[in-house]
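Written out below as structure tokens is the structure these notes cover.
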Ligand SMILES: C[S@@+](CC[C@H](N)C(=O)[O-])C[C@H]1O[C@@H](n2cnc3c(N)ncnc32)[C@H](O)[C@@H]1O
């Protein structure tokens, strides 16, 4: 069984490369704090640098976090300043908390990194009280085909390493949550707009910024990026021209049964 993917190696650059624009972040925090409420305690598994937890804490939510990456938690402590967020070094599949001790929980950009993600979900359901809520996001999904086409060509040239090790589609989580008696609710999609160039994408793939690239060694990444770059130049044109990219964030809220 492979291990969960720790983000130790990404801690120094994570916040720079994964941020959301201010209006989208504001909508996200408003949506989550409304769903979760500000009166109880909320656990975030895979809390990372506190990208979501810290603004939620500033909005009045009592946040607690768990992560397997000491480096990411160190970054969170530096980001937190005076914001109160309690954290622990712990695996989401074996949480060091008694049952029913949280009112809600968040799992954002994490279950796809956990091979035993179903066990992590069972843990979430154990530690959140009956009638509590769990908000979850699998990841961001670009709408534009140019982004997918170039990315597919890069990974194909790199030998298509297996990815992700954990949850692949949010619908798999819907199924598991339903089977545990939870009501599944979609919330309105959030869309992050940006204008990267083909070179921005190719450079990020080549540098191994995203966790999907971490199993690929540097020479292979360079070769795969060169092949994808040549294809893109022939078929898509100017590598330095900014292009529309819309990334969709599909959140779910699961309401746990009252028992
Ligand atoms: C992509 S980051 C997301 C961080 C934060 N949730 C956010 O949205 O910015 C994923 C985080 O999950 C952590 N992680 C991976 N597997 C984990 C596990 N089994 N238990 C707890 N944390 C885990 C990683 O170390 C990393 O900090």
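The values are calculated or read from the model by the stated rules, or taken from the named source; none is laboratory data. Values in this document were obtained by computation on a predicted structure and should not be read as measured data. No Cβ is skipped: glycine too gets one built from the backbone with ideal geometry, and neighbour counts run over all protein chains shown.
Just so you know, in region 134-161 the residues that are modelled with pLDDT of 95 or more and within 18 Å of the chain's Cα centre (by Cα) include one that is farthest from residue 97 (Cα to Cα), and it is 143. Of all the numbered requirements in (1) within 16 Å of the ligand (Cβ to nearest atom); (2) more than 14 Å from residue 147 (Cα to Cα), residue 204 misses one, and that requirement is (2).
For region 32-43, the count of residues that are within 20 Å of residue 135 (Cβ to Cβ), touching a strand residue (DSSP E or B) at 6+ places or on another chain (Cβ under 7 Å), modelled with pLDDT under 95 and surrounded by 20 or more Cβ atoms within 10 Å (Cβ to Cβ) is nonzero. Here the strands (runs of 3 or more DSSP E) wholly within region 1-112 that include at least 2 residues being in contact (Cβ under 8 Å) with a residue 40 or more places away in the chain and within 8 Å of the ligand (Cβ to nearest atom) are 41-45, 102-108.
Which residue is surrounded by the fewest Cβ atoms within 10 Å (Cβ to Cβ), if the candidates are limited to region 48-89 and must be over 20 Å from the mean Cα position of the chain (by Cα) and more than 23 Å from residue 103 (Cα to Cα)? Ranking the candidates gives 82 first. Looking at region 143-259, the helices (runs of 4 or more DSSP H) lying wholly inside it that each contain 2 or more residues that are more than 30 Å from residue 32 (Cα to Cα) sit at 145-157, 198-207, 218-235.
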